[in-house]
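K.L.:
First the structure, which I've put down as structure tokens, then a few questions once you've had a look.
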Amino acid sequence: MVRQKTLIRTLVLLSVLSLALSMAPQADSLPTGINGQSEKGCTCHGAVPDSGVTPSIGGLPANFNASTTYTISVSFSGGPSGINAASENIGGFNLAVDSGTLVSTSDDVQIWGNNEAGHTESGNDQTSWTMNWTSPASGSTTFTLAVNSVNGDGGASADDKWNLMSMTVQGPSSGVAAEELQSADPFVVLVTLIIVSAFLLATVILYTFYRVSPDGFNWESFAPWIIEWLTSTDHKKVGTLYFLAGFFFLGVGGIMALLIRIQLAVPGNDFLTQDQYNAFFTMHGTTMIFLAAMPLINGLANWLIPLQIGAHDLALPRINAMSFWLQPFAAILIFTGVFSGQAADVGWTGYAPYIVSETAHTGTTLWAAGQIMLVASSTLTGINFLATICGMRAPGMGWMQMPLFTWSIFIANLMLFLSIPAWGVGLIQVYLDRTIGTAFYHVASGGDPLLWSHLFWYFGHPEVYVVIVPAFGVISEVLATSARRSVFGYRSMVYAMAGIGIVAFIVYGHHMFTSGMSPTLRFVTMLTTMLVAVPTGIKIFNWLKTMHKGSLVYRTHTLWALGFLVTFTLGGISGMFFPSLAMDTHLHETYFVVAHFHYVFVGGTVFGIFSAVYYWFPKMSGRMMDEKWGLLHFLTGFISFNGIFWPMHKLGVLGMARRHHTWFITTDDYANIPAEMASWNLFITVCAFLFFFSNFILVGNMIKTIVSGKKAPADPWGGWSFEWMCASPPPTPSFDPHNPPVLRDANEHIASEPSRLGQWFESLMMPEDDSEVSH
Amino acid sequence: MGIASATFDSLWNEYLVWSAIVGSITFIWLAHHSLTYRSKDEDDDWVDVDGIELGVFPKHNDNISLELAWTIIPFILIVYLTWISWGPINDVWADPTDPNSQYGLDCTDAAADPNKCYHNIDIGAQQWFWSFDCRDLGPTLCDASQYQDLNGTTVPVISLKEGEFYLANLTSVDVTHAPWFVAFGVKEDSVPGIDTQVWIIPTCEEADCGGEEGESTLLLCTEYCGDDHAYMAAVVNVHK
């Protein structure tokens, strides 16, 4: 039976193959004429066309009328047919048209389909042929003619020649057929991609809803479900919303990065206009920092801070929800310019006086308005986390028993809370300058452009640490747990983070080394900036020492944490070049800077966030992520990331300026980027695409985990902090407010004895004898 | 083309050496620990030295000597790097009125030493082109009368003499710009309403600027200034 089936299958297969072979276009010409030659010509008469043979098509008008029949003639001259006296087997042709209908009018011409003509056997004895062509109703028609000039011996010979020609005749234009295709406006591409991304996001939300309850997939169930999400003040739900927004804008910012990289792949590219390019790098920076990195960190903080300190929620849950909901509306304002083609083009730094000049895009006004809303959001977030961490820690958790991630969020929010108002003031000034004609930054009216730089960088530099310090917290947690050790130097870790938090406020002048600011201030900030390396170095060495004599369990979050150590160290080292003032005058505003801050922002913050996602996703979703997918994500992401940003160091030093629509390659007239370095830009662009798409592995992994992941235990990695005491996913409220968990301390002997400084501080705060208090 | 500034080169090379040393220590340490202390399997002979327990703040794992070591040693390195970065600041910020500075006084000043003096030139910035004014300097010292095509954009050419000192006085009539002399490794912002200056010491590689045409490199705008920012450039020619 099996043999019979195999026999039948073999016969059917052979029949199909025979049929296919018999129907396949022939490659050789024949005296009888052959179709299928229009693309490649008559190669049986020579490998390549010969310019000694001149084909021509006669009888065609300059512009044809609709549905009209024309008598056309095809002919050729030259080649061996004119040399041999014989009048047989001297030529052949094949004519193909892409519209209209060909009709034979003699025995010398045959037609295949309606659109291809060739000579018959009798037509093989001549060098010109006629036929009718009926034109289409509109559009244009292309005629492709192949002719053979043969020597009359009746077969293919080495001295036979052939040639090919093509001509297009225009007809009456109507409809879209006659219109030339225009390249798409990149803004349209971006908006389309944003809409597609939003659609995909909505699909994922709907699918998640369906998975939660397949039987309840109807509006009656969906309405309360979605309303609960839109109005919830639960820290976990708000945290998830932050994650959704953060990942969505990470994708949007990534799309803009790809458009930028396409533009820069080769010198002198015109994929984006200068106008568009300027808007794209502005929106890329703004999106990535304020709409992707910050929300992702807030997502982590929302989820984890109450869980880590044993609180049932944040101190101010409604304020927390408000902080989040300000963000989507701020994003709409920031992006409004994109939809009108006038997106802000001022860079994420928005330097004055350009930001208030008439040459800046109109979208800048609403960009500033959106940023003001983000300032409000961040301020509210800051006060909320500070209040929560100060006042809602579980019994037994003193300051020096807080998990390091909680410490990192505390320090980050303290920095944010103290710095962002300065930028808020600057933004309001810019907004007023642009709308009601105030003159804070109009130089002609006495405005001071450096004031903006001070206000911006007073916020901007701490902001850099606001997004990196939480990653420090993540790496401390992940490495210690993965190495199954207590983090090395807990106290010095806290002091290092606090040190970074303090120094952050007095280093910002290094962004203004070429600004014309007072040399004294520039020199002082050179010294302070150098100092940042010390606490950062302490942290890196402490992380390394944490692994010592540990038992490192390799999971995806471990890999991202180790990857972070590599990339953040490289970013930290390249950062040391900038405070050296005489060197910075060359490196400032070059691709060396772009390489450095991406090593810190992506190799630091984003890798930290990836590590956190893999580490805490089982806690959040109640399901274990796929480790194989995670490994694939790490390998592709880590390699392609370095492929993007490592070559940028060299390009920057050689002369590639940041925020430039193009770059210049060395020519005979001037020297700039050496020709041998040029291909690195193309390499970077290819790596950028790989990195972008590698992150879909994470998105896929998250969806797969939610749908079919293995159930996660409460403490899958062996962590010690409170979040691992909750079920996965945690209940609501996360802890019973009337019965909070109590933290024990393995260092009881130390914890119970306050230090001398602590004793002195407490003596100031608490009267020793109650009787001294007057009533 | 290399960066011909001796100031930049000396700092760059020294920083590269220390970067390589610090990077090597870190990465060798990282590679060693992440391979040596990897868990063999879940039931290996690993000893829970810190007694990690859920709900219990872990035992301190610290060593004050080590922690002090990697606070103090990097600090010493930082002090050294600051020290070597300190001196070259004079190259960037020499006082034009100080006769003892390495650039001396303005060559037109009667008190100036002809063997050690500088020339004033003016660089004006406007969206989106540069204008150079050589003041009274002859064409050998400074020539700004030529223009050249740069990928379809006509840009000015400034021709300077190797080995001379120039003090460029920067002004802008609209927004902030910044001329970056790519080959000399210097830049400074041209800020409207503020007078800024930058020292230029034209240098070029012998093989390139020995000929009649000299060596040409680019001056790019490096403070974002709007639409044509990327094409706001000039050609800088250095000749013997």
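Derivation of every value follows stated rules applied to the coordinates shown; laboratory data play no part. The structure presented is a predicted model; accordingly, all values stated were derived computationally and were not measured. No Cβ is skipped: glycine too gets one built from the backbone with ideal geometry, and neighbour counts run over all protein chains shown.
K.L.:
If you take every residue apart from A:Ala595 with its C-beta less than 12 Å away from the C-beta of A:Ala595, what net charge results, scoring Lys and Arg +1 and Asp and Glu -1?
P.N.:
Taking every other residue near A:Ala595 into account, the sum is +2.
K.L.:
Can you sort A:Thr365, B:Thr140 so the residue with the fewest Cβ neighbours within 10 Å comes first?
P.N.:
Sorted ascending by nearby Cβ count, the order is B:Thr140, A:Thr365.
K.L.:
Under a cut-off of 17 Å between alpha-carbon atoms, report the lysines in cross-link reach of B:Lys161, not counting same-chain residues fewer than 8 places apart.
P.N.:
The qualifying lysines are B:Lys116, B:Lys240.
K.L.:
Now for a separate question. Pull up all non-local amide H partners of A:Phe488: gap of 5 or more, or a different chain, and H-to-H distance under 5 Å with H placed in the peptide plane.
P.N.:
Hits under the 5 Å cutoff: A:Thr546.
K.L.:
Let me know the Rg and Dmax you get for region A:232-724 when you use only its Cα atoms, in Å.
P.N.:
22.0, 74
K.L.:
FRET efficiency for A:Val196 and A:Phe683, Cβ-Cβ distance as r, R0 = 25 Å, nearest 0.05? Write out the running numbers ahead of the final one.
P.N.:
Values: r = 28 Å, r/R0 = 1.12.
Computed FRET efficiency for A:Val196 and A:Phe683: 0.35.
K.L.:
Within the set of other residues whose C-beta is less than 13 Å from the C-beta of A:Leu559, count the net charge using Lys and Arg as +1 and Asp and Glu as -1.
P.N.:
Cβ neighbours under 13 Å give a net charge of +2.
K.L.:
What span do the alpha-carbon atoms of the protein assembly as shown cover on each of the three principal axes, reported in whole Å from largest to smallest?
P.N.:
For the protein assembly as shown, the Cα extents along the three principal axes come out at 132, 104, 60 Å.
K.L.:
May I pose another question? Assigning unit charges at the beta carbon (Lys, Arg +1; Asp, Glu -1) and nothing else, what dipole magnitude in debye, to the nearest 20, does the protein assembly as shown show about its Cα centre?
P.N.:
It comes to approximately 3640 debye.
K.L.:
Would you mind checking which residues have amide H under 5 Å from B:Tyr118's amide H? H placed 1.01 Å from N; only 5 or more apart, or other chain.
P.N.:
Distant-sequence amide H within range of B:Tyr118: B:Leu105, B:Asp106, B:Cys107.
K.L.:
In region B:105-239, what percentage of the DSSP-assigned beta bridges are antiparallel, given to the nearest 5?
P.N.:
If we restrict to bridges inside region B:105-239, about 65 percent are antiparallel.
K.L.:
Another question, if that's okay. Just tell me which lysines come within less than 18 Å, Cα to Cα, of A:Lys628; anything on the same chain fewer than 8 places away is out.
P.N.:
Result set, ordered by chain and number: A:Lys704, A:Lys710, A:Lys711.
K.L.:
Residue by residue, what Karplus-based ³J(HN,Hα) values in Hz, rounded to whole numbers, does region A:477-483 have, using 6.51, -1.76 and 1.60 with θ = phi - 60° and x for Gly and Pro?
P.N.:
5, 5, 5, 5, 5, 5, 7
K.L.:
Right, here's the next one. Where does the charge balance sit around A:Gly363 when Lys and Arg score +1, Asp and Glu -1, over other residues with C-beta under 13 Å from its C-beta?
P.N.:
Around A:Gly363, the charge tally is -1.
K.L.:
When the Karplus curve 6.51 cos²θ - 1.76 cosθ + 1.60 is applied with θ = phi - 60°, which whole-Hz ³J(HN,Hα) does each residue of region A:402-418 get, with x for Gly and Pro?
P.N.:
Values per residue, Gly and Pro as x: 6, x, 5, 5, 5, 4, 5, 5, 4, 5, 4, 6, 5, 4, 4, 5, 8 Hz.
K.L.:
For B:Cys107, B:Cys209, which order do you get if you count the other beta carbons within 10 Å of each Cβ and list the fewest first?
P.N.:
B:Cys107, B:Cys209
K.L.:
I would also like to ask the following. Across region A:470-602, what fraction of all alpha-carbon pairs, as a whole percent, falls in each successive 10 Å bin from zero upward?
P.N.:
Reading upward from the zero bin: 12, 38, 30, 15, 5, 0.
K.L.:
Just name one of B:Ser131, B:Gly193, B:Val175: the one whose Cα is farthest towards the positive end of the charge dipole of region B:110-240 (beta-carbon charges, Lys/Arg +1, Asp/Glu -1).
P.N.:
B:Gly193
K.L.:
So how many Å³ per residue does the convex hull of the Cα atoms of region B:105-239 work out to? The partial results should precede the final answer.
P.N.:
Details: hull volume 14.2 nm³, N = 135.
Convex hull of Cα atoms, per residue: 105 Å³.
K.L.:
Can you work out the base-10 log of I(q)/I(0) for region A:386-433 at q = 0.15, 0.17, 0.25 1/Å, using the Debye formula on its C-alpha atoms alone?
P.N.:
So the normalised log intensities work out to -0.52, -0.59, -0.89.
K.L.:
Still on this structure: Taking the alpha carbon gyration tensor of region A:43-171, what are the square roots of 5 times its eigenvalues, largest first, to the nearest whole Å?
P.N.:
For region A:43-171, the ellipsoid semi-axes come out as 27, 15, 11 Å.
K.L.:
Please give the Cα centre distance for region A:393-407 versus region A:476-542, rounded to the nearest Å.
P.N.:
22
K.L.:
For region A:687-752, treating each Cα as an identical point scatterer without solvent, what Debye log10 I(q)/I(0) comes out at q = 0.26 1/Å?
P.N.:
-1.13
K.L.:
While we're on this one: Between the DSSP loop rule and a limit of at most 14 other Cβ atoms within 10 Å, which GluC sites (Glu not before Pro) in region B:22-128 are left?
P.N.:
Sparse-neighbourhood loop GluC sites (Glu not before Pro): B:Glu42.
K.L.:
Along each principal axis of its Cα atoms, how long is chain B end to end? Whole angstroms, biggest number first, please.
P.N.:
82, 44, 41
K.L.:
Under a 5 Å amide H to amide H cut-off, with H placed in plane at 1.01 Å, what residues pair with A:Phe664 once short-range neighbours are removed?
P.N.:
Amide H neighbours of A:Phe664: A:Ile673.
K.L.:
Along the charge dipole of region A:43-171, which of A:Trp162, A:Ser81, A:Ile57 sits closest to the positive end, that is, farthest toward it, with unit charges on the beta carbon of Lys, Arg, Asp and Glu (+1, +1, -1, -1)?
P.N.:
Checking the options against the dipole of region A:43-171, the answer is A:Ile57.
K.L.:
Karplus couplings for region B:163-168 from phi (6.51 cos²θ - 1.76 cosθ + 1.60, θ = phi - 60°), rounded to Hz, Gly and Pro as x?
P.N.:
The phi angles translate into x, 8, 9, 10, 10, 8 Hz.
K.L.:
Which percent, nearest 5, of DSSP beta bridges in the protein assembly as shown are antiparallel?
P.N.:
Numbers: 74 of 96 bridges.
Here the antiparallel bridges make up roughly 75 percent for the protein assembly as shown.
K.L.:
Further, regarding this structure: Within 10 Å of each residue's Cβ, count the other Cβ atoms and sort B:Lys59, B:Lys187, A:Lys539, A:Lys5 from fewest upward.
P.N.:
A:Lys5, B:Lys59, A:Lys539, B:Lys187
K.L.:
Average the reciprocal distances over every distinct pair of alpha-carbons in region A:390-472, invert the result, and give the Kirkwood radius in Å.
P.N.:
Taking the inverse mean of 1/r over all distinct Cα pairs, region A:390-472 comes out at 15.0 Å.
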